Amino acid sequence: MASERPVAPVLVVEDDEGVRGAFAALLASEGYRVMEAADGLEALELLRAAETLPCLILLDLMMPRMSGWDFCAVQKRDERLLSIPVVVQKPADPEQLLELVKRHRAG
């Protein structure tokens, strides 16, 4: 039920537009709000401008401009972003992905 979903969005950080779009569509179809970024640098820009921080970040590691590793290093030094859980091993199975998000969601 959508009313049980957290108000905070899930941030999907993935340079492959098809994969990012598929994750975003799946989460949106289950009632989650979704933010999308193509790399770590874009993710940081979104997070720093966001009024509501995400309840979870699904993060790719190998990306142009700023890798997932570099993103995590910057996130750990930013007190506002430090508490957001990050998942780097994104399951390909839709049911596993939804279960992962349910376990980490805020609210």
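Taking the range 50-84 as the region of interest, how many residues are crowded, with 19+ Cβ neighbours inside 10 Å and more than 11 Å from the chain's Cα centre (by Cα)? Don't jump to the end; show me each part of the working.
Of the range 50-84, the ones crowded, with 19+ Cβ neighbours inside 10 Å are 54-60, 63, 68, 71, 75, 81.
Filter once more, keeping what is more than 11 Å from the chain's Cα centre (by Cα): 63, 68, 71, 75, 81.
Going through the range 50-84 one residue at a time, the tally reaches 5.
Screening the candidates L47, L41, L82, L59 for the property of being of a type outside the set (S, T, N, Q), under 13 Å from A8 (Cα atoms), at pLDDT 95 or above and in contact with a helix residue (DSSP H, G or I) (Cβ under 9 Å, 6 or more places away or on another chain) yields one hit, L47. Of note, V74 does not satisfy the criterion of being at pLDDT below 95, β-branched (V, I, T) and part of a helix (DSSP H, G or I). All of (1) hydrophobic (A, V, I, L, M, F, W, C); (2) surrounded by 13 or more Cβ atoms within 10 Å (Cβ to Cβ); (3) within 14 Å of K102 (Cα to Cα); (4) more than 11 Å from the chain's Cα centre (by Cα) hold for V19 with one exception: (3). Of the residues making up the range 22-75, those that are among the acidic types (D, E) and within 16 Å of L97 (Cβ to Cβ) are E30, E36, D60. For T52, the conditions (1) touching a residue at least 40 places away in the same chain (Cβ under 8 Å); (2) touching a helix residue (DSSP H, G or I) at 6+ places or on another chain (Cβ under 9 Å) are fulfilled apart from (2).
Quick check on this structure: which one of E45, E17 is farther than 19 Å from A73 by Cα, of a type in the set (D, E, K, R) and free of Cβ contacts under 8 Å to residues at least 40 places away in the same chain? It would help to see each step written out before you state the result.
On the way: E45 fails: farther than 19 Å from A73 by Cα.
Unique residue meeting the criteria: E17.
Across the range 35-49, what is the number of residues that are surrounded by 19 or more Cβ atoms within 10 Å (Cβ to Cβ) and hydrophobic (A, V, I, L, M, F, W, C)? Counting residues in the range 35-49 that are surrounded by 19 or more Cβ atoms within 10 Å (Cβ to Cβ) and hydrophobic (A, V, I, L, M, F, W, C) gives 5.
With R103, R65 as the choices, which residue is touching a helix residue (DSSP H, G or I) at 6+ places or on another chain (Cβ under 9 Å), modelled with pLDDT under 95 and among the basic types (K, R)? Result of the check over R103, R65: R65.
The values are calculated or read from the model by the stated rules, or taken from the named source; none is laboratory data. Here the structure is a predicted model, which means the values were calculated and not measured. Positions of Cβ are backbone-derived with ideal geometry, glycine not excepted, and every protein chain shown enters the neighbour counts.
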